[in-house]
Amino acid sequence: MRSCALSAQVNTQNSRQWNSDTTVSRSFWINVWPCYGGTSASHTQHPTRVLVRGRYRYIEEVMEKAAKLTNCRPASHGFYTPDGCPIRNLENLVPEQHYLLFPFGGFYRKQTVPTALLWQLYSDARHIVQCL
């Protein structure tokens, strides 16, 4: 879980920087991938974009909205990053990042990460390396 601690630290730093840019909380978008095990929903080719409104105070508000938009019911208690780190606080959400959503009682398994998301992350990493 050391990588989750590092991810949380980076996310917190990015979140603080994002929030310190303005005195008013801003709204931002996140990309949510529904994961239902072996069902067709977990093989989706595109994420659902969810607006995280600046007026939200609790992660549950975002979770309910994401669950409704992805038809993933009942709503979970948090998101997961693609590498399996749980996101349980609103402050840990980073604009434009990808998050996995499992139905209540579901849990992260490497095998349930959508292939389209893996390819997108691979392509993004490859592009970054080429730019260096």
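The values are calculated or read from the model by the stated rules, or taken from the named source; none is laboratory data. Just so we're clear, the structure is a prediction, and the values are computed from it rather than from any experiment. Counting neighbours? That spans all protein chains shown, and the Cβs are built from the backbone with ideal geometry, glycine included.
Just one of the listed residues (103, 82) is part of a loop (DSSP other than H, G, I, E, B) and modelled with pLDDT under 85, namely 103. Taking the listed residues 125, 75, 67, the one that is in contact with a helix residue (DSSP H, G or I) (Cβ under 8 Å, 6 or more places away or on another chain) and among the small types (Gly, Ala, Ser) is 75, with no other qualifying. Within segment 96-108, the presence of at least one residue that is on the phi < 0 side of the Ramachandran plot, without any contact (Cβ under 8 Å) to a residue 12 or more places away in the chain and surrounded by fewer than 19 Cβ atoms within 10 Å (Cβ to Cβ) is confirmed. Does residue 70 fit the bill of being buried (at least 20 other Cβ atoms within 10 Å of the Cβ), touching a strand residue (DSSP E or B) at 6+ places or on another chain (Cβ under 6 Å) and either within 17 Å of residue 26 (Cα to Cα) or among the polar types (S, T, N, Q) (or both)? For residue 70, the condition - buried (at least 20 other Cβ atoms within 10 Å of the Cβ), touching a strand residue (DSSP E or B) at 6+ places or on another chain (Cβ under 6 Å) and either within 17 Å of residue 26 (Cα to Cα) or among the polar types (S, T, N, Q) (or both) - is met.
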